[in-house]
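Here, each number is a calculation from the coordinates, and none is a lab measurement. Just so we're clear, the structure is a prediction, and the values are computed from it rather than from any experiment. Backbone-built Cβ (ideal geometry, glycine too); neighbour counts: all protein chains shown.
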Amino acid sequence: MNSTPVSAGERREGQVMEIRIGIQHSPRELVIESDENAEAVLERLGAAVADGSPVTLVDDKGKKVLIPGAKLAYAEVSTEEPRRVGFLG
């Protein structure tokens, strides 16, 4: 089963990504901000879809989200760049 969260050793320190997940027959998508490795997340989600097992993701605050692999419609992973402060000039 792919329900184990990614360990801290697989996380990229300081880099936050946004994961958008669509669930079949649900009008809303899940949006999770996480510092997990993007490739590892996509690999785990792909395996969950292939075998229909649930997968657990952990957000950047430590909250765990269980996603049913059999009902996953799509996943979009994007890395956020740090916000710049200041004026362009």
### Task
When a/c is below 1.5 the answer is rounded, else prolate if a/b is larger than b/c, else oblate, so apply that to the range 21-69 with a ≥ b ≥ c taken from the square roots of the Cα gyration tensor eigenvalues.
oblate
### Task
Can you pull the one-decimal nm distance between simple spin-label points at residue 53 and residue 31, each 7 Å off the Cα toward Cβ?
3.1 nm
### Task
Order the peptides 39-51, 19-31 from the highest to the lowest mean number of other Cβ atoms within 10 Å of their residues.
39-51, 19-31
### Task
Report ³J(HN,Hα) in whole Hz for each residue of the range 62-69, in order, from the Karplus equation J = 6.51 cos²θ - 1.76 cosθ + 1.60 where θ = phi - 60°; Gly and Pro get x.
x, 6, 9, 10, 9, 10, x, x
